[in-house]
Amino acid sequence: MSHPPITVTSPLLPPLDEFKELLDDIWEHKRLTNNGHYHKLLEAALSDYLKTPHLSLFTNGTLPLITALQAMNLRSGEVITTPYSFVATTHSLWWNGLTPIFVDVEEETGNIDPALIEEAITPATVAIMAVHVYGTPCDTSAIQAIADKYGLKVVYDAAHAFAVEVNGESILRQGDMSTLSFHATKVYNTVEGGALICPSAESKQHSDQLKNFGFTGELSVIAHGINSKMDEIRAAYGLLNLKQVEVAIASRKKAANIYRAALADTPGIRCIADITGVKHNYSYFPIYIDEAAYGMSRDELYNKLKAEGILARRYFYPVIPDFEAYRNTLSAKAAHIPVARKLAETVLCLPIYAGIEDSTLVRITSIITS
Ligand SMILES: *Cc1c(COP(=O)(O)O)cnc(C)c1O
């Protein structure tokens, strides 16, 4: 094989010379962490770019999920959530002593199906935790209507939804709180990193305390906080990466359009929906394989691509209740989630990243269509 392997994603890196300049500055000032200069600059720049005025930076995308639940005082009870996500979504409930109640998803988007939420509500239900899977917005108005009716909190795991907007409004402003991940595999990265989108200045201040052990002053600790502060080196790196994220998203969009056009007429292949009114970030390009119509199973296509040096990924397979860590919980046993299982068994995320070459896209689509 003459080609190097093509992976599902390739990280966006800031220009090395510019990063070295910022490192020189950090070395000179010897300020490494604890809400330093670059941390403040990055919080302000992200708040501005994402149109989310009360954004708190975190050290990864999992701790803001855990902290959001803690900030809302959700310490026991049931949370309605999706089985079709990255496992961190459900783990954040476990870390707060909350029981996940898995509700099935919509076939078109992979997001939690609002029509099925109400029947899963019990007197123990305290919140809904939904995920904008692949950056496709959830039906936030339907979810909010249910939450309002039953007095439930709503948390969105928006790890995939960086910069996504619906009719010109940030998706990150929906619900009570939203979280982002800036992991290296995401559209925008700070190597590892994340953020909590808070509804008010007071709420951000509280979250800032919770991510710093619960300190409110030198001698005062008001809560069982964690340490989830972003350091100066990653904040500086993130500032540089933010400058090129629009170009990166445009490059992803071009790739998505090439995939869509090339795969449109292939029987048994369905591409992720391109929903009008949504400013997408093209963070993933999932296709769903209907074995009967396509003539090959998802795993057969996965292996065929792999043999050609193309490493597509089965995101999200298996569904979360099937992981050993959840398999024996009552809520996992009770999970009736046929649509999520179908998606998990038929999905394949194709390589998509800023700068992916047209020739690579042609090579991938011709393997799929031949
Ligand atoms: C990546 C991801 C997370 C976790 O983010 P980390 O930064 O890796 O901790 C959480 N939820 C979803 C849906 C993700 O894709």
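Criterion first (charged (D, E, K, R) and over 20 Å from the mean Cα position of the chain (by Cα)) does residue 148 satisfy it?
So residue 148 fits the description; yes.
Any residue in the stretch 186-197 that's without any contact (Cβ under 8 Å) to a residue 24 or more places away in the chain: show its pairings with residues that are within 11 Å of the ligand (Cβ to nearest atom) at Cβ separation under 9 Å, as long as the two are six or more apart or on different chains.
Partner pairs satisfying both residue conditions: none exist.
Among the helices (runs of 4 or more DSSP H) lying completely within the stretch 253-342, list those that include at least 3 residues that are at pLDDT 95 or above and either open to solvent by 80 Å² or more (accessible area, probe 1.4 Å) or assigned by TED's automatic domain parsing to the domain that holds residue 120 (or both).
298-307
Could you check the stretch 225-252 and list, in sequence order, the residues that are among the polar types (S, T, N, Q) and in a helix (DSSP H, G or I)? It would help to see each step written out before you state the result.
Quick first cut of the stretch 225-252, residues among the polar types (S, T, N, Q) only: 227-228, 241, 244, 251.
Answer for the stretch 225-252, where residues must be among the polar types (S, T, N, Q) and in a helix (DSSP H, G or I): 241, 251.
Condition check: within 15 Å of the ligand (Cβ to nearest atom) and either hydroxyl-bearing (Ser, Thr, Tyr) or closer than 28 Å to residue 347 by Cβ (or both). Does residue 109 satisfy that?
Yes, satisfied.
Would you confirm, using the coordinates I've provided, whether residue 150 is at pLDDT 95 or above, at negative phi and open to solvent by 20 Å² or more (accessible area, probe 1.4 Å)?
Against the criterion (at pLDDT 95 or above, at negative phi and open to solvent by 20 Å² or more (accessible area, probe 1.4 Å)), residue 150 qualifies.
Within the stretch 343-370, can you find the residues that are open to solvent by 50 Å² or more (accessible area, probe 1.4 Å), modelled with pLDDT of 95 or more and in a loop (DSSP other than H, G, I, E, B)?
If the condition is that a residue be open to solvent by 50 Å² or more (accessible area, probe 1.4 Å), modelled with pLDDT of 95 or more and in a loop (DSSP other than H, G, I, E, B), then 355, 357 are the ones that fit.
When you look at residue 187, is it away from the ligand (no atom under 16 Å from the Cβ), of a type in the set (A, V, I, L, M) and either under 23 Å from residue 349 (Cβ atoms) or touching a helix residue (DSSP H, G or I) at 6+ places or on another chain (Cβ under 6 Å) (or both), yes or no?
Here the answer is no, as residue 187 does not meet what is asked.
Just to be sure, is residue 201 within 30 Å of residue 29 (Cα to Cα) and open to solvent by 40 Å² or more (accessible area, probe 1.4 Å)?
yes
Suppose the filter is open to solvent by less than 10 Å² (accessible area, probe 1.4 Å), within 29 Å of residue 343 (Cα to Cα) and out of contact with any Ser or Thr (no Cβ under 9 Å at 6 or more places or on another chain); does residue 195 pass it?
no
Could you grab the pairs with beta carbons closer than 9 Å, sequence gap of 6+ or different chains, first residue in the stretch 108-132 and free of Cβ contacts under 8 Å to residues at least 40 places away in the same chain and crowded, with 22+ Cβ neighbours inside 10 Å, second one assigned to a strand (DSSP E or B) and among the polar types (S, T, N, Q)?
The qualifying pairs are 112/81; 132/178.
Could you give every pair whose Cβ atoms fall below 9 Å, whose first residue belongs to the stretch 143-156 and is within 11 Å of residue 117 (Cβ to Cβ) and assigned by TED's automatic domain parsing to the domain that holds residue 179, and whose second residue is outside any loop (DSSP other than H, G, I, E, B) and among the aromatic types (Phe, Trp, Tyr), counting only separations of at least 6 or pairs across chains?
143/156
The values are calculated or read from the model by the stated rules, or taken from the named source; none is laboratory data. Model, not experiment: these values are computed from the prediction. Note that each Cβ is placed from the backbone with ideal geometry, even for glycine, and that neighbours are counted across all protein chains shown. Calculation scope for accessible area: heavy atoms of the full protein, side chains included, ligands and nucleic acids excluded. Shrake-Rupley method; radii C 1.70, N 1.55, O 1.52, S 1.80 Å.
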